[in-house]
Each structure stands twice: as structure tokens, then as C-alpha cells.
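Undergrad: Below you'll find the structure I mean.
Nothing in this text is a laboratory measurement; each read-out follows from the coordinates by a stated rule. Here the structure is a predicted model, which means the values were calculated and not measured. Neighbour counts run over all protein chains shown; Cβ positions are idealised from the backbone, glycine included.
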Amino acid sequence: MDEIQIKNQPILNKILNNINNKGNNVQAYILSGNDKENLINYAILFSKVLICPHKYKKGCSECNICNRIDKENYAELKIINPVNKIIKKEAILELKNEFKTKSIEGKNEVYIINDAETLNGAASNTILKFLEEPDSNIVAIFTTTNLDSVIKTIVSRCQVIKINNFQKKSGIDFIKNLTNFDEETIYKVIDFVKIIEKSSEDAIIDAKNLFFNYFNTKELLINAFNVILLYYKDMLNYKIKNKCIYYEANDIKSLANIQNDNLISKKISFILENIAKLEYNVNILLFIDNFIIGIGEMKDGKSNRD
């Protein structure tokens, strides 16, 4: 018997194999964990097990459905992702309209709603009506990194599968998972840090304006400052241990070598204070100004600003 085996996920394995071997599935599932990329991959695998007209096995050659799912051109699988961090009612209505007909090729029609916590009120109410009147051949899969923020009435209608989290706590991938930034955006933040540490006043003004254009909401700014925090923490790691945890040493050492441990520690404390301030309503442009001035004062050997 071919068993589905996902490393370190015994609960998910048990459920998938039960569906695959016996056809025992419910109408809705929630995959909950802290690694968004893994959740998406598990949801796709889940859909294959639910849809494949043969018993699913890795590398199955009996049908081309799984291959079409991988290529995102299989009509009986619908995937909804948030747009600007929101899933609106219109996306759910479109889904319902497309699923009016019975399944033709696969065992089930499946829809995946990623980041279920981003369903707005109207979308939540619409999906609830869909869940309350299930078609026996339609199965829902929700994913979320914040189960507590998913509407409770949706959770109550789903089988919740908690994914074991083994997220790497180092390297650029950790920063990407923490901030939801891609690598290019992370290094835009780092370029800003390098400019305010080393460049002229004119360059700093240009950098500030560019930074403000990219990170002009509280959420974006918090994520950007987490990037900055880890950058300075790695400076301290390099000074003390001669190695970095999050960034490549070549990105760190030039700035680390011109500062002592005490100064870097003060900057880390200053960054943490500023992240705390971002929990409140702040004038973003003024906030960035104060941060640049504060770092500049410490660079000149002065203490934190009041």
C-alpha cells in the first residue's frame, strides 16, 4: 500500500491516507500553521488527494489531473488569495457561480482559500452560506497562519488540522517568512540603513523619501523595522561571534567594523523602542525623521534622544 508520508506531520498524514484509501472526507478543512509556504503546498497536495479519480500516489501516471493542478490550469480546483490583504465578497460569489455544475473529471471539486483570516465581513457571511448548504462533491480547504483571527463560525464548520511548525530560525528565508517581504524588498531596507549610517545629508534625504514611498503604512513599517532590527543584531553577532545568523557576513562586516559592541547594542535598544511606538498612531514621515536623527546622534557618540 502506497502511503502518503510528509515528514513531521503525522496528523496530516493520517487524514490524507484515510481519504486516499477509504474516501472518507468531510466538507471543509482548515490547515493552520506559521509557515505560509508550507500551508499552500499542503493545501495543493490535499486537493490532489481529494480530486484524483484514482488513488493518489506521488508521480501518478494514470491521469493528468495532478499535473494540470501543478500547472494551475485544472478547472475543478479554485484558489482564492487575498488582494491587498483582503478577500472580498465578490471573489466568493464568483467561486459559487463557477461551482454550480457537478464535478466532471475528478472525484470532487475543491476550492482553497488562503489566508482565511483576511476574509472581510461580507465575504465571511457569503462563504458561511456556501458551507451551510454543502454539495457532496464540493470540498473547502482554508489555510491560515492566525487561526484565532478566523471567524469562529467558519472554524466551527471545518475540521482543523494544526501543522507542526519547524520553521528555520535563520537566514534570509526566515526574514521573508517573518515580514512577508521578498528578498528585493528586504535589501531595499538594508540599503536605507547603509545610507543613513555612511552617506551625506543629501543622500540621506533621498533615501528617506524613497523609503517613505515603499513603506508608507504602519504594517509595512513594522516589517521594515524588523528587517533593520535583525540587521543590527547580526552586526552584534559578527562582532562577538564572528558570524551572522540572518544575513551574509559580507553585507554586515563593513558597518560592524566601524562600531563597538556598546554602540550597536544602543542602536538595537533604540530600534526596539521605535517598533513599540509603531503600535500607536504615528506620523510616519516624522517617525522616519526621528529615527534617522536618533541613529545619527548615536553614530556621533551621543546617547539616545529623549
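Undergrad: Of 13, 42, 32, which is farthest towards the positive pole of region 10-162's charge dipole, taken about the Cα centre with +1 and -1 on the beta-carbons of Lys, Arg and Asp, Glu respectively?
TA: Projecting each Cα onto the dipole axis, the largest value belongs to 13.
Undergrad: Quote the charge dipole size of region 67-112 about the Cα centre in Debye, to the nearest 20; the model charges only the Cβ of Lys and Arg (+1) and of Asp and Glu (-1).
TA: 180 debye
Undergrad: With a 10 Å radius around each residue's Cβ, average the other Cβ atoms per peptide and rank 280-292, 212-224, highest first.
TA: The densest-packed peptide leads the list: 212-224, 280-292.
Undergrad: For the chain, give me the percentage of DSSP beta bridges that are antiparallel, rounded to the nearest 5 percent.
TA: Antiparallel bridges: around 5 percent, rounded to the nearest 5.
Undergrad: Right, another one. Fewest to most neighbouring Cβ within 10 Å: what's the order for 151, 11, 65?
TA: Going from least to most buried by this count: 11, 151, 65.
Undergrad: About its Cα centre, how strong a charge dipole does region 150-203 have in debye, to the nearest 20, once Lys and Arg get +1 and Asp and Glu get -1 at the Cβ?
TA: Dipole size: approximately 680 debye.
Undergrad: Stretched out fully, how many nm does the piece from residue 149 to residue 183 gain, at 0.36 nm a residue minus the Cα gap?
TA: Result for the pair: 9.5 nm of gain on full extension.
Undergrad: For residue 78, list long-range residues whose amide hydrogen, built 1.01 Å from N in the peptide plane, is under 5 Å from its own amide hydrogen.
TA: For residue 78, the qualifying residues are 110, 111, 112.
Undergrad: Right, another one. Looking at 258, 180, 227, which one has the Cα that reaches farthest to the positive end of the dipole of region 171-299 (charges on Cβ: Lys, Arg +1; Asp, Glu -1)?
TA: Checking the options against the dipole of region 171-299, the answer is 258.
Undergrad: Further question: Taking 0.36 nm per intervening residue step and subtracting the Cα-Cα distance, what contour gain separates residue 156 from residue 73 on full extension?
TA: Using 0.36 nm per residue and subtracting the Cα-Cα distance, I get 26.8 nm.
Undergrad: Arranged by the count of other C-beta atoms within 10 angstrom, fewest first, what order do 170, 124 take?
TA: 170, 124
Undergrad: Assign unit charges at the C-beta atoms only (+1 for Lys and Arg, -1 for Asp and Glu), then state the dipole size of the chain relative to its Cα centre in Debye, rounded to the nearest 20.
TA: With only Lys, Arg, Asp and Glu charged at Cβ, the dipole is about 840 debye.
Undergrad: Still on this structure: To the nearest 0.05, how large is the calculated FRET efficiency for residue 133 and residue 279 if R₀ is 41 Å and r is the Cβ-Cβ distance?
TA: Result of the calculation: an efficiency of 0.50.
Undergrad: Less than 9 Å Cβ to Cβ from residue 76, Lys/Arg counted +1 and Asp/Glu -1: what total charge do the surrounding residues give?
TA: -1
Undergrad: Okay, moving on. Given a Förster distance of 45 Å, report the FRET efficiency between residue 198 and residue 13 from their Cβ-Cβ distance, rounded to the nearest 0.05.
TA: So the FRET efficiency works out to roughly 0.30.
Undergrad: Please compute the contact order of the chain in relative form: average sequence separation of alpha-carbon pairs under 8 Å and at least six residues apart, divided by the residue count, as a percent.
TA: 17 percent
Undergrad: Roughly how many Å is it from the Cα centre of region 211-259 to that of region 9-54, as a whole number?
TA: So the two Cα centres are separated by 38 Å.
Undergrad: Taking loop as defined by DSSP and a crowding limit of 15 other beta carbons within 10 Å, which GluC sites (Glu not before Pro) in region 35-144 fit?
TA: The qualifying sites are 62, 72, 105.
Undergrad: Let me ask you something else. Chymotrypsin sites (Phe, Trp or Tyr not before Pro), restricted to region 80-167: which are DSSP loop and have at most 14 other Cβ atoms within 10 Å?
TA: Those satisfying the criteria are 166.
Undergrad: Restricting to region 10-162, what percent of DSSP beta bridges are antiparallel, rounded to 5?
TA: Within region 10-162, antiparallel bridges account for around 5 percent of the total.
Undergrad: Considering the options 293, 195, 278, tell which one lies farthest towards the positive end of the dipole of region 159-306, charges being +1 on Lys and Arg and -1 on Asp and Glu at the Cβ, about the Cα centre.
TA: With unit charges placed on the Cβ atoms, the residue in question is 278.
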